[in-house]
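Heads up: the structure comes next, in structure tokens.
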Amino acid sequence: MHKIIVKDTSVETTDTGRLLSIIHHGVRWEADGDGMVETKDGTVSFSDAASIKAEVFETGTAKGVRTCYTWQDGSSFATIISIDTTSEDVYFEWIPLTESKMIRKVNWPAPFIFKEDGCSLIPLRQGLCIPNGWENELKPLPFDGMFLTAGCYMPWFAQIKVKAGYIAISLTPWDAGVKAIHPTCGNTSLSQWLTTSLGKMGYRRIIRYTFQENADIVSLSEVYRQFVSQEGKLVTLKEKALRNPKVNDLVGSALVHFGIKAVVQKESRFYDAEHPENNEAAVSFAKRAEEIRQLHALGATKMYLHLDGWAEPGYDNCHPDYYPACKEAGGWEGMKALEEVMHETGGLFGIHDQYRDYYKRAPSFDASNAIMLEDGEIFRQAIWAGGEQSYLCASLARDYVRRNYTMIQNAGIRLDGAYLDVFTCNEGDECFNPYHRMSRKDCYEYRRRCFAWLTSQGIIPSSEEVSDWALSDLVLCHYAPYEEQMLPPGSPLPGIPVPLFSLVYHDCMVVPWIMDKTQNRDNMLYALLNGGIPYLVREGAYPNVDGAFEKEKTDIENDIARCHIVQKLHERVAYCRMTDFALLNKTGTKQKAVYEDGTVVEIDLDNGSYKLTECGQCI
């Protein structure tokens, strides 16, 4: 056995480099098994390698164990487990030495045995806390828990037992994710998985474990905020407002989500064959302008219009050739008139757009510009309204953004915001086309450049959800909800919703929140707890998708009054960090958030009540 000790932290491994345990300030975290390699033919253990050689090493900054694994086909990889001599953080590195087509996925390091009273934290969307013994099984995470997707907004996971805890942060998150298992009334297992990049493991993968003697949800989230700050990736709303002052105008807004034209093609999953008349619809720009005036007359203030289906092809059709403005709705002149009404009423004008779904009906469609899969085939599907599609290689996306928005500007439309759909929800794409080969890491950078270009034009960049890779440039999103808000009402809850994203990034993003009342929850309470902005009107593009479920009917004046409460709070705390958070009961239905200006928000999900205070005084 090898035992490495640095101050109050020690790592124990077998003679063959397999992790046995980590001890931090007397608390033992025992590994549950060995690393695993998934191949085309099955799964094998690290210990199944033909040759294993481990050695202890020491540098000026670390002590650890380095192990080389060689397989019968001649392929090999190494692992390094080390303790940083300054921070006592424990680093796990997986390094391909010679490539092998055998390896498709690696699960390493192994999860810890976690049987004590405690909880596990996953940045599944806004955040999820799973107490050990939670009554409901955890279903497979979106995108298999891949980091930087809706399945894991931020590339980390954590566990807490008694008072001790750890946070595991992926330093190379582009081709990795969290493997989370929680059986009914059982204990939670968390570990990391790694997958190929452009068909190969390709590069060194690193994950860092930081252990705390006294840990809680807030302290572990703070570790991650410090990490992104030290990496130079933390950009606050105040800093983003220096690039584009319209960010300040967005604070305290209410979202109005309207559509103009809908066309559902026959190949689409959403095509209504029994009632073909339902597959096409259009509302004029003038009608939408009148509705905005009516909302304003009823007291709605600072509205941000998110306009779907504004172009001639119809919603989710013909992208990226999405122009001109819908003719039957009034064309460019009608669209400009709607924009002017938004500005006259003190609001902002934003549009929906898309640069991933690449529709075969697009006039400029060319399969050579589409994502090429590893087998040389072009990706194809026909789910959304536009029918047959591929994916546009993201290396080309900014060129289309620049072309399209120059066209919009030339039409005299003054855009305040633009929503580039799915970029921050879905995983990065890989493209094997040798003329524009692209890794997932490359893809995220190409997407980010689209947001940066919008900012350079004075346009607020927005996307579907939030993702760590985009937060240096992204300002607005469609939402950053809890997983339970995406499930049909009455579904078993996967755990306790906790604001992990808000604890790290609240002062860096403007996040809209669903305000619907359902049989489960009054979602306004989540909007208040997270200090976000409200949806006043939210017309879902597709039924029962993206949380667009049946809701309780309310009158618009009551909706406006509820929005005013959330808007007023956002004006107070938009530029503030969420500095504290607490679960006030075991079931998590009572929660409290504290902001750095002293504002305290308490919610009770059981009875639908809330309390807002500052320095002990109700506000």
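The values are calculated or read from the model by the stated rules, or taken from the named source; none is laboratory data. Not measured: the values here are computed from a predicted model. Here the Cβ is made from the backbone with ideal geometry for all residues, glycine too, and neighbour counts use every protein chain on show. For the accessible areas, the whole protein counts, side chains as well, though only heavy atoms, and no ligand, DNA or RNA atoms are used. Shrake-Rupley method; radii C 1.70, N 1.55, O 1.52, S 1.80 Å.
For (1) over 30 Å from I514 (Cβ atoms); (2) of a type in the set (S, T, N, Q), each residue gets a yes or a no:
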position	(1), (2)
S51	yes, yes
F57	yes, no
W71	yes, no
E88	yes, no
A110	yes, no
M154	no, no
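Here is a list: T184, T172, T188. Which entry is under 15 Å from P494 (Cβ atoms) and open to solvent by 10 Å² or more (accessible area, probe 1.4 Å)? Only one candidate passes the filter, namely T184. Look at (1) in contact (Cβ under 8 Å) with a residue 40 or more places away in the chain; (2) open to solvent by 10 Å² or more (accessible area, probe 1.4 Å) and you find that S47 fails only one, number (1).
For every residue, the table says whether it meets (1) touching a residue at least 12 places away in the same chain (Cβ under 8 Å); (2) touching a Cys at 6+ places or on another chain (Cβ under 7 Å).
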{"site": "S390", "(1), (2)": "yes, no"}
{"site": "C393", "(1), (2)": "yes, yes"}
{"site": "R403", "(1), (2)": "no, no"}
{"site": "T406", "(1), (2)": "no, no"}
{"site": "D416", "(1), (2)": "yes, no"}
{"site": "N426", "(1), (2)": "yes, no"}
{"site": "Y444", "(1), (2)": "yes, no"}
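With respect to the conditions (1) more than 19 Å from T79 (Cβ to Cβ); (2) open to solvent by less than 20 Å² (accessible area, probe 1.4 Å); (3) touching a Lys or Arg at 6+ places or on another chain (Cβ under 8 Å), M154 lacks only one, and its number is (3). Within the stretch 286-338, can you find the residues that are crowded, with 19+ Cβ neighbours inside 10 Å, within 22 Å of N410 (Cβ to Cβ) and of a type in the set (S, T, Y)? Hit for the stretch 286-338 is Y322, nothing else. Scanning the stretch 82-127 for residues that are in a strand (DSSP E or B), under 30 Å from Y479 (Cβ atoms) and open to solvent by 10 Å² or more (accessible area, probe 1.4 Å) yields G118, C119. In the stretch 59-81, the count of residues that are within 21 Å of T188 (Cβ to Cβ) and either out of contact with any Pro (no Cβ under 8 Å at 6 or more places or on another chain) or surrounded by fewer than 18 Cβ atoms within 10 Å (Cβ to Cβ) (or both) is zero.
Consider the stretch 235-270 and keep the residues that are among the charged types (D, E, K, R) and in contact with a strand residue (DSSP E or B) (Cβ under 7 Å, 6 or more places away or on another chain). The one that is most open to solvent (accessible area, probe 1.4 Å) is D249. Evaluated against (1) in contact with a Lys or Arg (Cβ under 6 Å, 6 or more places away or on another chain); (2) exposed (fewer than 15 other Cβ atoms within 10 Å of the Cβ), D34 falls short on exactly one condition, (2). Residue selection: G133 satisfies the criterion of being touching an Asp or Glu at 6+ places or on another chain (Cβ under 9 Å) and not polar (S, T, N, Q).
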